[in-house]
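Read through the structure below, which is laid out as structure tokens, and then see the notes.
The values are calculated or read from the model by the stated rules, or taken from the named source; none is laboratory data. Quantities reported herein were computed from a predicted structural model and do not represent experimental measurements. Because the Cβ atoms are built from the backbone with ideal geometry, glycine has one as well, and the counts that use them run over all protein chains shown.
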Amino acid sequence: MRVRAAAPADAAVICDIYNQGIDDRIATFETAPRTVADVRTWFNSSHPIVVVEDAAGRVIAFASTSPYRSRDCYRGVAEFSVYVARDARGHGAGAAAMRALIDVAREAGFWKLVSRVFVENAPSRRLCQAVGFREVGTYLRHAQLDGTWRDVVIVERLLDDR
């Protein structure tokens, strides 16, 4: 596997992988598929995005950061997401993406990454733990997905010693 910075030319494959995650209903509250145009807008900010390629050069995973809150005091905190193509799950692509994202987020000046993970999403929780995130707590009934209340675990990782 090879990890590299994502580029706007990767928007279509990132979109496909993200839409698989939406369809699977295990990783996001999103229900409407994203478009390639939606994903292209992710490149309009200074928030890092990385992709993982397999030996054949096919993008099989991505990890991205996005703004946490708009207040200036949170400028060094980013939310993160990580998604792996269905046929590539369980082979280390998610961990590779997250390790690279942690490095580039630190280099970009972020001091913390945060996210929320569905409580029952054991693979994502194991991944977060494996790359140094801690579970801070649980938001009960955080939102509904397909009419069902879902709880989420809050995860965070400090990126430096500030």
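Is it true that ALA96 is closer than 25 Å to ASP16 by Cα, touching a His at 6+ places or on another chain (Cβ under 9 Å), of a type outside the set (Lys, Arg) and touching a residue at least 24 places away in the same chain (Cβ under 8 Å)? It is false that ALA96 is closer than 25 Å to ASP16 by Cα, touching a His at 6+ places or on another chain (Cβ under 9 Å), of a type outside the set (Lys, Arg) and touching a residue at least 24 places away in the same chain (Cβ under 8 Å). Within the stretch 55-70, restricting attention to residues that are surrounded by fewer than 16 Cβ atoms within 10 Å (Cβ to Cβ) and over 23 Å from GLN144 (Cα atoms), the residue that is modelled with the lowest pLDDT is SER70.
Per the listing ARG106, ARG125, ARG86, ARG141, the residue uniquely surrounded by fewer than 18 Cβ atoms within 10 Å (Cβ to Cβ), among the charged types (D, E, K, R), at pLDDT 95 or above and in contact with a helix residue (DSSP H, G or I) (Cβ under 6 Å, 6 or more places away or on another chain) is ARG86. Checking the stretch 21-38 against the condition returns no match, with no residue being assigned to a strand (DSSP E or B), touching a Ser or Thr at 6+ places or on another chain (Cβ under 9 Å) and touching a residue at least 24 places away in the same chain (Cβ under 8 Å). For the stretch 42-93, residues that are acidic (Asp, Glu), within 21 Å of ARG25 (Cβ to Cβ) and in a strand (DSSP E or B) total 1. Counting residues in the stretch 34-42 that are at pLDDT 95 or above and either within 23 Å of VAL153 (Cα to Cα) or of a type in the set (S, T, N, Q) (or both) gives one or more. Would you call ALA61 in contact (Cβ under 8 Å) with a residue 12 or more places away in the chain and under 16 Å from LEU127 (Cα atoms)? Here the answer is yes, as ALA61 does meet what is asked.
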